[in-house]
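Working notes, structure below.
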Amino acid sequence: MDITSAQCPEPLPGRVGHVAGIESLVLDGHRLWFGFDYQSDMVVSPLIEDPRVMAVFASAHLRQTDGEHDAAYWAELVDAAVTLSGLVPDDAHRQFETARLRTELPEPGSHLLYLFDAVAGWDESRSLPAEVREAYDRLGFDEDDVNDCVDHCLEAIRAGAAGADEWTVVRFHLSAAVPGFPGNWAALFGPMGERVATGG
């Protein structure tokens, strides 16, 4: 059956017409594809399970540096994204299991956190609540040092050396943001948010 653009999911809000490539990940044994703007470090599509739908979505909503391309062109990039990635050195870094996401905290500096940032754009988020700002201050971080502060807090938590401030920062960034994630990305990050919300 031919796939039409009308059968494709909607683009993520405000992320239409990007110059982007195709990336993929595996969640619970299922390969999922998405568009990625490498220049902006930004995810620009929902997770898409059908490679044919990904190709048609890309032809309708994504661009290459030389402009628009048809679905056949994009289908080749979708196929290539099974084994090749511009974000990670090998496929093991982009395989995730819901059960582990619900029981294990993400590793500082991991591909999972990189994707979280690329979907949420957390360093462009709303102003921090007072308790989170105060935790940043006590931990010695500025409010715009989100990635460094979250990595620091996760390292402390995983080492068993975290206090209330570390958990306050991690809960705010990795749990509170998840319900507002665009598209269907909460399928990946929802379980991680559950783990963070119940920790400490």
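See the values below:
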{"read-out": "Residue in region 61-75 that is more than 12 Å from residue 34 (Cβ to Cβ) and of a type in the set (Val, Ile, Thr) present", "value": "yes"}
{"read-out": "Of all residues in region 31-58 being in contact with a His (Cβ under 8 Å, 6 or more places away or on another chain) and part of a loop (DSSP other than H, G, I, E, B), the one that is farthest from residue 77 (Cα to Cα)", "value": "40"}
{"read-out": "Verdict on residue 86 being out of contact with any Lys or Arg (no Cβ under 8 Å at 6 or more places or on another chain), at positive phi and in contact (Cβ under 8 Å) with a residue 40 or more places away in the chain", "value": "no"}
{"read-out": "Residue pairs meeting the criteria (Cβ under 6 Å; at least 6 apart or on separate chains; first closer than 15 Å to residue 193 by Cβ, in region 90-110; second small (Gly, Ala, Ser) and in a strand (DSSP E or B))", "value": "none"}
{"read-out": "Scan of region 8-30 for residues that are buried (at least 17 other Cβ atoms within 10 Å of the Cβ) and part of a strand (DSSP E or B), ordered by number", "value": "21, 22, 23, 24, 25, 27"}
{"read-out": "Residue tally, condition open to solvent by 10 Å² or more (accessible area, probe 1.4 Å) and either outside the structural domain of residue 150 (by the TED database) or in a helix (DSSP H, G or I) (or both), over region 179-190", "value": "5"}
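The values are calculated or read from the model by the stated rules, or taken from the named source; none is laboratory data. The model shown is predicted, which means the values in this text are computed figures rather than measured ones. Virtual Cβ from ideal backbone geometry, glycine too; neighbours counted across all protein chains shown. Remember, those area values only see protein heavy atoms, side chains included, never the ligands or the DNA or RNA. Shrake-Rupley method; radii C 1.70, N 1.55, O 1.52, S 1.80 Å.
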